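Single-structure report; data block below.
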Amino acid sequence: MIYAADWIVTQNPRREKIRRGAILVRDGRVAAVGPAREIAAAHPGEQVEDFGQAAIFPGLVDSHCHLPMSPLRGLGDDKPLFAWLQEDIFPREARLTQEAVYEGALLSCRELARTGCTSFYDMYMLEEGVFAAADETGLRGVLGENVTRFFPQLGGATREALFARMRGNIAAWSGHPRLRAAVCPHAPYTTDPEILRACRELCDETGALFGMHLAETQKETDDCVAEHGLRPVEYCDSLGLLRPDATFFHCVHVTPDEIALLRDRGCVAVHNPASNMKLASGTAPVPAMVRAGLPVALGTDGPASNNQQNMVREMWLAALLGKASAGDPSAMTAQMALDMATLGGAAALHDPDIGSLEPGKHADFFVLDLAAEPNTTPAHDPVSTLVYAATGHETRLTAVSGRPIYRKGAPRPNREGERGGGGALSP
Ligand SMILES: [Zn+2]
């Protein structure tokens, strides 16, 4: 199959953008990328879908999310993190069921696919429901069970029961072509050293990835210093958690030395501008991280602290916040925002086969319409149009491993108790 459009934004090492370009997809992988005429001539008889006035981008990667939380969207808005968690989120989460986790994740997967996202790094409880939703909707993902020191917790009456469940999930989904398990202790302030070491050991034993919220608020830093005598990044390093399979969400309150330490240990940071702004958690020093060579990805965080799961909007916020916080319009460019949402995502998910449209990589991509809506016209530079002008809802097609998971205008399969709407996710 050949997909052609006015622009192909490759995100290859030279950041090439091909006018009137095409990608050839074979067995779920990108087989060739180049000028549409050359690709078609080299592969006569190949079926061609030409999107015309549109741009094809690598699929966006939501590197930090809590997909089952979409039913909590809009609850407890406008509060600081700790009050919001204690008063609005934790009491409701205590009553969550496996079915609610699955239904919430399904809704979130639709929202991601609808706005050009093909991969995610999720962290939640009862993660079996997220595995099922992601498997059904066709997205690619890393899925981590949330671990805290509060037992009984959802998914585990005791620590032993929870770890046995995690071991079972890791084994059950091992070898899946798109989904990979992670172990996700919630944060330094909701765990203890023993739990964090046990999570680290489970990753070493099984090959599961390690992800955790880190240095999100000033209060977290102050409490960590008071309790352990170390700042959050130092504390995690003292426990041996800073390793090349580790992805840390937020990293708002980090010093230049801590940025260098995260980089030297081979870790990845995930920036969540909407969540950090909405909860007034602070501003992550992203331009400094990029300058230091620390890989930085981009995430939406949960739909209750954002309240959208739209990576196009997240890139726009990341670019504007980076400029405003640095007092420098060049501190965070549209290209840097797209890099975080694609190649940064590949680093965060520890998956070198995503993040760009290059031969051999997974055919994960989305098609942005440049003709139907006034806000994307004219498109002098598709990267500028995507980051600064688009809303994400101009997406015409989203595909994972070459398989469409969203196509604008296609009817959605009817599911019991669900109202209809535009767009589709293949069953
Ligand atoms: Zn989070």
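The values are calculated or read from the model by the stated rules, or taken from the named source; none is laboratory data. Everything numeric in this text was worked out from a predicted model, so none of it was measured. Positions of Cβ are generated from backbone atoms using ideal geometry, with glycine treated the same way; all protein chains shown enter the neighbour counts. To get the accessible areas, we keep the full protein, side chains included, count just its heavy atoms, and leave off ligands, DNA and RNA. Shrake-Rupley method; radii C 1.70, N 1.55, O 1.52, S 1.80 Å.
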Modelled label-to-label distance, Val48 and Ser330, 7 Å Cα→beta-carbon offset: nm?
4.1
Result for the chain: accessible area per residue, probe 1.4 angstrom, in square angstrom, of 37
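Based on the mean of other Cβ atoms within 10 Å per residue, sort peptides 296-306, 203-213, 34-44 so the most packed one is first.
Values: 296-306: 26.8, 203-213: 20.6, 34-44: 14.6.
Per-residue Cβ counts within 10 Å, averaged per peptide and sorted highest first, yield 296-306, 203-213, 34-44.
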For Cα pairs less than 8 Å apart in space and 6+ apart in sequence, what is the mean separation divided by the residue count of segment 203-268, i.e. the relative contact order in percent?
38
Please report, in whole Å, how far the alpha carbons of segment 33-120 spread along each principal axis, starting with the longest.
62, 28, 19
Would you please classify the overall shape of segment 60-348 from the alpha carbon gyration tensor, given that a ≥ b ≥ c denote the square roots of the eigenvalues, rounded means a/c under 1.5, and beyond that prolate means a/b larger than b/c while oblate covers the rest?
rounded
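If you restrict to DSSP beta bridges whose two residues both lie in segment 60-348, what percentage is antiparallel, to the nearest 5?
5
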Using the basic label-point model (7 angstrom from Cα toward the beta carbon), what is the Ala32 to His176 distance in nanometres?
3.5
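For the chain, what relative contact order do you get, as a whole percent, if you take Cα pairs closer than 8 Å and at least 6 residues apart? Write down the numbers at each step before the final one.
Working: 986 pairs, mean separation 85.0, N = 427.
It rounds to 20 percent for the chain.
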Under 14 Å Cα-Cα from Lys17, which aspartates and glutamates qualify once same-chain neighbours fewer than 8 residues away are excluded?
Asp6, Asp339, Glu358, Asp381
Would you work out the relative contact order for segment 244-400, in percent, from Cα pairs under 8 angstrom that are 6 or more residues apart?
19
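In the chain, which helices (entire DSSP H runs) extend 30 Å or more along their own long axis, judged by Cα positions, while averaging at least -0.5 on the Kyte-Doolittle scale? Can you show the working numbers first?
On the way: long enough: none.
For the chain, where a helix must reach 30 Å along its axis and average at least -0.5, there are no hits.
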Going by amide H atoms built from the backbone, whose H comes under 5 Å of the H on His350, apart from near neighbours?
none
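Let me know the shape class of segment 274-360, please: from the alpha-carbon gyration tensor, a ≥ b ≥ c as square roots of the eigenvalues, rounded when a/c is under 1.5, otherwise prolate if a/b is greater than b/c, or oblate. Walk me through the numbers on the way to the answer.
Working: a/c = 1.89, a/b = 1.27, b/c = 1.50.
Oblate is the answer for segment 274-360, as a/c is 1.5 or above yet b/c matches or exceeds a/b.
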Expected sort for 218-230, 113-125 on mean C-beta neighbours within 10 Å, highest first, is 113-125, 218-230
Using a 1.4 Å probe over the heavy atoms of the protein chains, calculate the carbon and sulfur portion of the accessible area of the chain as a whole percent.
53
Setting aside same-chain residues fewer than 8 positions from Lys219, which lysines have a Cα under 18 Å from its Cα?
Lys79, Lys278
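Return the FRET efficiency for the residue pair Leu75, Tyr388: r is the Cβ-Cβ distance, R0 is 25 Å, and the value is rounded to the nearest 0.05. Mind showing how you got there, number by number?
Values: r = 31 Å, r/R0 = 1.24.
Calculated value: 0.20.
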Given 0.36 nm per residue, what is the gain on full extension from Gln86 to Arg197 after removing their alpha carbon distance, in nm?
37.4 nm
